[in-house]
Structures are given as C-alpha cells and as structure tokens.
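The values are calculated or read from the model by the stated rules, or taken from the named source; none is laboratory data. Model, not experiment: these values are computed from the prediction. Heads up, the Cβs are rebuilt from the backbone with ideal geometry, glycines too, and the neighbour counts pull from every protein chain shown. To get the accessible areas, we keep the full protein, side chains included, count just its heavy atoms, and leave off ligands, DNA and RNA. Shrake-Rupley method; radii C 1.70, N 1.55, O 1.52, S 1.80 Å.
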Amino acid sequence: MLVKAEVIKKADELNRMAAKLLPLPEGLTQAEQLLYKSLCIVYREFRAGQIDKKQALDEKQELYRAYINGAYALDLWQTYGEYAKVFQKCQYEIHHEGCEVCKRLNDILCGMGRGKANETH
C-alpha cells in the first residue's frame, strides 16, 4: 500500500521538474503523468501572465489533492486485481465444493449475491 509521505515526495519531485518544463519523464503511472502535465500547464499559464500567483498556488494545491486521491485509487485497484487473480484460481473449487458460507461469499464477490451480504440468518 502507498504511504502518503511517499506520494507527496513524488509530487514534489514532479513539481520541481514541471517548474523547469522538462520533458515528461518515462515510467510514470497515469496519475503521475496527469499531475506532471497539469503542473506544466499551470507554470506556463503563470509565466504567460494568464493567472496570478494565488491562482497558480490554488491550482497546484488542487492538483496535488487530485493526484493523491488518484494514486491511492490506482494502488487500490492494482491490489484488488491481485486479490482477484488469487481468488479466481480457487473459484471453481469454492463454487462446487465449498461450504455454504464460502459459496455465499463467492456469489457476493462475483456480483451474483448483491444485497445478500447484509442478510442475517
């Protein structure tokens, strides 16, 4: 899982590069690419006099917030994708040979048990 301090450190690194309008670095995640290109636009607009310093700082703060949220969402998606790969290997066995609780959980995870997760017996 991601650590907020590491995400902010990466954002600061990308910010320093964007301030110099360097080319897009290779190997960035989608969230990092979006932050970098967005920061470049803010710096260009500021230098061109299209936005003032306060607006530039406000936009940068909003971009950081969106980046942190996007980075966490991507990490969560990747983590649950790995869980799904492991689960898929056992799914047939669970569905055909598992106990009733396992079968119910299988149905919920597969989307066939919508609404059943809150049922009590």
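Some notes on this structure:
- Extension gain (nm, one decimal) between Gln91 and Lys4, 0.36 nm per residue minus Cα-Cα: 27.9 nm
- Reported to the nearest whole Å, the Cα centre-to-centre distance from the stretch 36-58 to the stretch 61-109 is 38.
- In summary, the lysines within cross-link reach of Lys20, defined as a Cα separation below 24 angstrom excluding same-chain residues under 8 places away, comprise Lys9, Lys10, Lys37, Lys53, Lys54, Lys60.
- Ligands, DNA and RNA left out, the accessible area of the chain computed with a 1.4 Å probe is 57% carbon and sulfur.
- The per residue volume of the convex hull around the alpha-carbon atoms of the chain is 151 Å³.
- Accessible solvent surface per residue of the chain, calculated while the other protein chains remain in place, 1.4 angstrom probe, Å²: 75 Å²
- Range in the chain, longest, excluding exposed trypsin sites (Lys or Arg not before Pro) [loop by DSSP; at most 14 other beta-carbon atoms within 10 Å]: 21-113
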